[in-house]
């Protein structure tokens, strides 16, 4: 039996636009709380720029701490968008449909949030233009393209640009529906955004071709972004734990792991908040969880490689770092929590079909993955700096300050706030995609059973 | 059906599984394919050449020293790389419920028999592997225990544990093959005779096709497949580090086992596609093997080729950027200096040529596109194995206990007996596979029948399209 | 194209002569306008020591020996910190020095992470001096601002001053002889009471440190001489040679800890 009902298009419009057309009671309080946290964090950023990075817990061996961890975390979250919409689109997985828009939007907002992190963590943020703006500023010196830190902004900005294009192209038909359903100033804005969409055959064809082309073109960018972020660390010969060849695929797979988990959590929230039970169905959540079982196992393989080759060489300095990571307080606890929350707990929770269809259990698993993945970056980056070389004289610990914690919290609030604001002006589930899925949906009778089936797209 | 053909000119391409008439004849057809006797003799002769090569090499150099055996190792690793993941390919596609896998699962599973060859070939190598503990103890520039994944030299390391690991693979994969072939053997007992019939009775005599038997069979394949899935990367990891990486001092490269595993899947898929193409083109199975198989598999092959260069680049840039002496030496040895041309052929075969072939939609739709790319993939993989393992075996015995390699060794070409062994090992693998094709039904009859049930033609607006059911 | 490098500055540290008196550290502090290392700064692990004396204990009490290792910027020929700077704030100049352009630095701190020897320092706070020390600041050296990276320069201001003097006085193009004749040296070398530190030109045949570098390059580290370079296996090609300590009395067992 088909799990979801096939609804008439008018009903779909009405249901999915209710986040824009009406305002739930919790909406403005939620926006208020998030704004408050963002404001507090922004104030602290201002204070930090005014006073210097001294207010953080960074010190001489540990130059990159919470901010860089958080940067990599948000870059990781941003990998869900392309995974869900581009790869699954090319793979023609039907269950991608309700998840694609939320994933892409999360991609854009988490990328934007991530980009703030390296900027505020520099000593002189007001001079960042030297760094990522490819211009010689009358000094005859362009940015140093040998530096991984210059590869970073190019990859991230390319990814941001293409993701925005990707979302915008997918939004055009939905803008047209909004244009037809609004009045006044809003109608004018949506009219401009829908770019004269009439829904004729030629426009649909162009829109679909553009979507598929962008999916294919965005894939290399998708892979390169997190690879390059990983090479920020992999290129550093002087930090033993960082100089590992496996970093690039390890980071990319980890990013997909945490990103897709975050998307599932967002989807479940949307489903509960707006009553979209008919669109975000348990079968979708289950399929996403099955995907995650594969992804997380791949991630675990790379993780094992990283650890095994950490001790493979039996070099004293590297062994010292691994000893710190695995056996010394507080890293041993972080390590245990990280491994359990990233892999073993979620795998357990996704292991049974009943549990994969239980939204509460899936939410717990997805939050657990993201806690673990945040800690993963932390435990990957910081211990390597604490025990950097054989010279024990310069070893020192890192204790983050409350200010760093609040700024990190602020980034979470920022992404939530941006998502909330977005949901007010644009549909978070692609309307036309859902309708297309409904049209392609059919059934096949085998003996006494009715099996769900789809028309093949090619 | 005829009217459908006129309605939609894509009909022939779209229909994935054969209709009822074709299906009825499948059991007889699948168990009675005529393997060319000439082919069997040819592979047998190749095997004999290999045996001669082995005997000559062993009598000249003995089995104690690993250095002269580089090409033997390369050929073994090539066959292992191609054949060991093949059963997993079928298990994996079954797990994600791809419909197009159905005609190729048996072709993939029969590769399990070559696993026995792998194990036999592995035995001499196990004897050669040098001691992990340095007999001279630690020195100024050498270690007391050479760098391997056996950190503390546990009991039986590495010989016993590696043998166990190597043995577990053919055991599991042959079990998968037998289990998955049972319903088909049961269905085709009436079409076979003689000793083959006795074998079919032995394996499939109990099969009644009750619901319980089906459930147990599928659960068992799933469990074995899962176990195999966990074991295989581990064994590939053991082989690639113990016989490759750890023989070059200071080569510490965490992505290398991943590249080896990745190439395993790439080459397995390639080998399966080549066999599939031969079956379609010359074996008379064109009704069962459609263009859809190549269309779907070619996308995966394309993806794997791109993943290969991605992993390779991730390795390369880390070593190159770091500018450490040991890493520069290894890069120079295996990539840019000594083994440069072999590396170029490897990269062309594993990445560039398949990429350039498969990037075109019409080529991927055609049945010849993916198998053509697959041939290059296999050539590239052979070169990879020669480069890595001959390279590792010939980096010099005196440096394996050192902290790092301080020089760039020279590449070593094969002599006549090396060539004999390479030819012989590949011939032996082909021979065993051909024998397997004679024993087992070459098509997965029950899966194809199941697939045929899940498809129908449906009408959508003004066109007729294929409908494929996705069972939960 | 081969670029002829006229001078290539280098240093030799004789560990056998080093007494761990920290004179060099103080001299460096005064010469290079380093901020005052207050107790707070030390506790935060953000103290500035362009040259530091690392002290290690060898053996167990009472059979114990103190080992001193003065570490300053090694001015690596193949410096890991240089390629990773996104803004070219650190680069290699034509005299073999690894120099830092304060004005260019945005403070990403990647160079600090990628420095094998931990000799790069970041200004977490705005550097301040007590009122009475304001006039003590060296006019030849920039006072750095907060948010940038700084490090030992081999007292480049003294090298520059010597060059200018040579140019002015002798009205000749720079050459080895005249520069050598100026007899200038970094503050740490000047202050060292036991002459454990030697500074000179690696390219000058007649310089006192030339022989040590010659020996090291010729023997690839296998010679019996005392010279070695720290963490050389990373391939940094440092410009500082350390001479091994000669033990009068051998320890029963040697195990070092910090």
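Coordinate-derived values only; no laboratory data. Here the structure is a predicted model, which is why all the values come from computation and not from measurement. Using ideal geometry, Cβ is built from the backbone for each residue, glycine included, and neighbour counts are taken over all protein chains shown.
With both residues required to sit in the protein assembly as shown, DSSP beta bridges show an antiparallel share near 90%. Value of Rg to Rh for region C:87-153, rounded to two decimals, is 1.00; Kirkwood radius and Rg both from alpha-carbon coordinates.
With coordinates expressed along the principal axes, the C-alpha atoms belonging to chain C extend over 56, 47, 36 Å, beginning with the largest.
The order of A:225, A:253, going from fewest to most other C-beta atoms within 10 Å of their C-beta, is A:253, A:225.
Considering all alpha-carbon pairs of region C:1-93, what whole percent are spaced by more than 21 angstrom? For region C:1-93, the share of Cα pairs beyond 21 Å comes to 55 percent. With q set to 0.18, 0.22 Å⁻¹, the log10 of I(q)/I(0) for region C:71-204, from the Debye formula over equal scatterers at the Cα positions, is -1.17, -1.38. Between the C-alpha center of region A:183-217 and that of region A:268-336 there is a gap of 38 Å. Here the relative contact order of chain B, from alpha carbon pairs under 8 Å that lie six or more residues apart, stands at 32 percent. Counting only alpha carbon atoms, the long axis of helix B:70-83 and the longest principal axis of chain B meet at about 30°. Peptides A:289-297, A:372-380, A:109-117 ranked from most to least packed give A:372-380, A:109-117, A:289-297, packing being the mean of other C-beta atoms within 10 angstrom over each peptide's residues. Computed over region B:18-143, the range of Cα coordinates on each principal axis works out to 75, 39, 15 Å, biggest value leading. Per-residue mean of foreign Cβ neighbours for A:303-312 is 5 (Cβ atoms of other chains, 10 Å radius).
For chain A, the longest principal axis of the C-alpha atoms and the axis of helix A:99-121 are separated by about 30°.
Averaging 1/r across all pairs of distinct Cα atoms in the protein assembly as shown and inverting the result yields a Kirkwood radius of 33.5 Å. Within 10 Å of the Cβ of each residue in C:117-128, the mean number of Cβ atoms contributed by other protein chains is 4.
Spin-label pair residue B:38-residue A:364: with each label point 7 Å from Cα along the Cα-Cβ axis, the two points sit 6.7 nm from one another.
Inter-chain neighbour count for B:247-257: the average number of beta-carbon atoms from partner chains within 10 Å of each residue's beta-carbon is 5. Using only Cα atoms, locate the centre of region B:357-420 and the centre of region B:89-164, then give the distance between them in Å, rounded to an integer. Region B:357-420 and region B:89-164 have Cα centres separated by 18 Å. Cα convex hull, region A:272-422: 134 Å³ per residue, rounded to a whole number.
Based on the reciprocal of the average 1/r between different C-alpha atoms, the Kirkwood radius for chain A equals 23.6 Å. A helix-only calculation puts chain A at -22500 deg cm²/dmol for mean residue ellipticity at 222 nm, using -39500 (n - 2.57) for each DSSP H run of at least four residues, averaged over all residues.
Relative to the longest principal axis of the Cα atoms of chain A, helix A:66-77 runs at roughly 30 degrees. Helical content alone sets the calculated 222 nm signal of chain B at -20500 deg cm²/dmol, taking -39,500 (n - 2.57) per DSSP H segment of four or more residues and averaging over every residue. Between residue A:137 and residue A:333, the C-beta separation translates, for a Förster distance of 41 Å, into a calculated FRET efficiency of about 0.30. Shown for B:311, C:92, C:217: other C-beta atoms within 10 Å of each C-beta, ranked fewest to most, produce the order C:217, C:92, B:311.
Dimensions of region B:364-450 along the principal axes, based on C-alpha atoms and rounded to the nearest Å, stand at 61, 31, 26, largest first. Overall, the ratio between the Cα radius of gyration of region A:1-106 and 2.2 N^0.38 Å, rounded to two decimals, is 1.63.
P(r) for chain B, from all Cα pairs and a bin width of 20 Å, is 23, 53, 22, 3, 0 %, short bins first.
Every helix of 4 or more DSSP H residues in chain C counts as -39500 (n - 2.57), and over all residues that averages to -6000 deg cm²/dmol at 222 nm.
Ranking of B:35, B:405 by neighbouring Cβ atoms within 10 Å, starting from the fewest: B:35, B:405. Here the relative contact order of chain C, from alpha carbon pairs under 8 Å that lie six or more residues apart, stands at 30 percent. Extension gain for the segment residue B:23 to residue B:171, taken as residue separation times 0.36 nm less the Cα-Cα distance, is 50.1 nm to one decimal.
Over all projection directions, the Cα-based convex hull of region A:51-162 averages an area of 9.3 nm². Please tell me the relative contact order of region B:151-295 in percent, rounded to the nearest whole number, where contacts are Cα pairs under 8 Å and at least six residues apart. Over region B:151-295, the number comes to 20 percent.
For region B:303-386, the share of alpha carbon pairs falling in successive 10 Å distance bins from zero is 18, 43, 26, 11, 2 percent.
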